[in-house]
1. Can you say whether Asp59 is surrounded by 14 or more Cβ atoms within 10 Å (Cβ to Cβ), modelled with pLDDT of 95 or more and under 30 Å from Met248 (Cα atoms), as far as the supplied structure shows?
2. For the structure I just gave you, tell me whether Glu163 is surrounded by fewer than 21 Cβ atoms within 10 Å (Cβ to Cβ), more than 17 Å from the chain's Cα centre (by Cα), acidic (Asp, Glu) and closer than 25 Å to Pro227 by Cβ.
3. Given (1) crowded, with 24+ Cβ neighbours inside 10 Å; (2) touching a residue at least 40 places away in the same chain (Cβ under 8 Å); (3) small (Gly, Ala, Ser); (4) assigned to a helix (DSSP H, G or I), identify the lone condition not met by Ala205.
4. Quick check on the range 260-267. Is at least one of its residues outside any helix (DSSP H, G or I) and open to solvent by less than 20 Å² (accessible area, probe 1.4 Å)?
5. When you check Ser34 against the structure, is it part of a helix (DSSP H, G or I), at pLDDT 95 or above and either open to solvent by 40 Å² or more (accessible area, probe 1.4 Å) or of a type outside the set (Phe, Trp, Tyr) (or both), yes or no?
6. Which one is surrounded by the fewest Cβ atoms within 10 Å (Cβ to Cβ) among residues in the range 81-108 that are out of contact with any strand residue (DSSP E or B) (no Cβ under 7 Å at 6 or more places or on another chain) and of a type in the set (Val, Ile, Thr)?
7. Pick out the one residue from Ser27, Ser41 that is small (Gly, Ala, Ser), open to solvent by 50 Å² or more (accessible area, probe 1.4 Å) and assigned to a helix (DSSP H, G or I).
8. What are the residue pairs meeting all of these: first residue in the range 68-85, first residue without any contact (Cβ under 8 Å) to a residue 60 or more places away in the chain and under 17 Å from Gly119 (Cβ atoms), second residue surrounded by 16 or more Cβ atoms within 10 Å (Cβ to Cβ) and among the acidic types (Asp, Glu), Cβ atoms under 6 Å, and 6 or more apart or on different chains?
Amino acid sequence: MVNLGNGRNPGIPLDMGWVRATTVNRSATQRRVSSLVTRRSVKKAWQAAWLLRAITLIDLTTLAGDDSPGKVRRLCAKARQPLRQDLLDALEAASLNITVGAVCVYHARVKDAIGALRGSDIPVAAVSTGFPAGLSAYAQRIEEIHQSVEAGAEEIDIVISREHALRGDWRRLYDEVSEMRAACGDAHMKAILATGELGSLWTVARASKVCMMAGADFIKTSTGKEPVNATLEVGLTMTREIRAYAEMTGCPVGFKPAGGIRSAKDALNWMILMKEELGDDWLGKRLFRFGASGLLTDIERQLSHHASGRYAARHHMPMD
């Protein structure tokens, strides 16, 4: 039985027997993904309801070289009110107080985001540990976590050292993630696997196990900077490891696909995957997030079409 408790994963000692026993059937994974996106569909009012839920699952993100205090403030204003008031009224959703799940920024912009979100319950997530490559000096990576937590970030998105996973050095990966988890303190930690650089689903599955054993509160597909980011095949592999971990330990671990998720249809496919593989508990922001910047715009356009019968121009729903 899964114990939702306070949502934290305390981790367990590294179990190399469990890691070595990992298997992934790629062709079966592909067939399952294909059936999910063709056999299941959500239409009309139900689709609108799912898309409203999807907004609450978004980690609204800006991770660009031109990030500035003003850009972050505009993003946070959108996070507070993701949909125009007239659209909320048309959908009879004004009373739902819909906001995004979090705002995700670089460490340098944490204080800007916290200031812009003051008075809301929207947490700030900071990417850390030498994001996106994770190749800065190890002591510096740990210090980045401390600094982001001290600045007020409630969630920390760390990147693993891909080298450890690619070489099968699971003890080093476990020790690294455990130390990062300790540095996060009370802040929830999302471990980014950068799956597009791990080569095989088998390596993704093993890395997922090790990060969860090391205490990751979420496992996350990608930084969004790799050539290949979130795919449903990778998502299915990771969610099945989450399910196995929950069955073994009773501890739920969250999941965050990130990178390349830009359309409302993409969001619905990922939500269907979560419902089918992990159940309704993983359809709330406590255990599921989208890492995205452009997704909200397409969801807003689809909801506008549902309410009015026509698509609004993108400049009517700008992100900044």
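1. Here the answer is yes, as Asp59 does meet what is asked.
2. So Glu163 fits the description; yes.
3. Among (1) crowded, with 24+ Cβ neighbours inside 10 Å; (2) touching a residue at least 40 places away in the same chain (Cβ under 8 Å); (3) small (Gly, Ala, Ser); (4) assigned to a helix (DSSP H, G or I), the lone unmet condition for Ala205 is (1).
4. Checked against the condition, which is being outside any helix (DSSP H, G or I) and open to solvent by less than 20 Å² (accessible area, probe 1.4 Å), the range 260-267 yields at least one hit.
5. Against the criterion (part of a helix (DSSP H, G or I), at pLDDT 95 or above and either open to solvent by 40 Å² or more (accessible area, probe 1.4 Å) or of a type outside the set (Phe, Trp, Tyr) (or both)), Ser34 does not qualify.
6. Selected residue: Ile98.
7. Ser27
8. That search, which allows pairs on different chains as well, returns Val72/Asp112.
The values are calculated or read from the model by the stated rules, or taken from the named source; none is laboratory data. In this text, all values refer to a predicted model and were calculated from it rather than measured experimentally. Quick reminder, even Gly has a Cβ in these numbers, built from the backbone with ideal geometry, and neighbours come from all protein chains shown. Heads up: the accessible areas ignore ligands, DNA and RNA and are worked out on the full protein's heavy atoms, side chains in. Shrake-Rupley method; radii C 1.70, N 1.55, O 1.52, S 1.80 Å.
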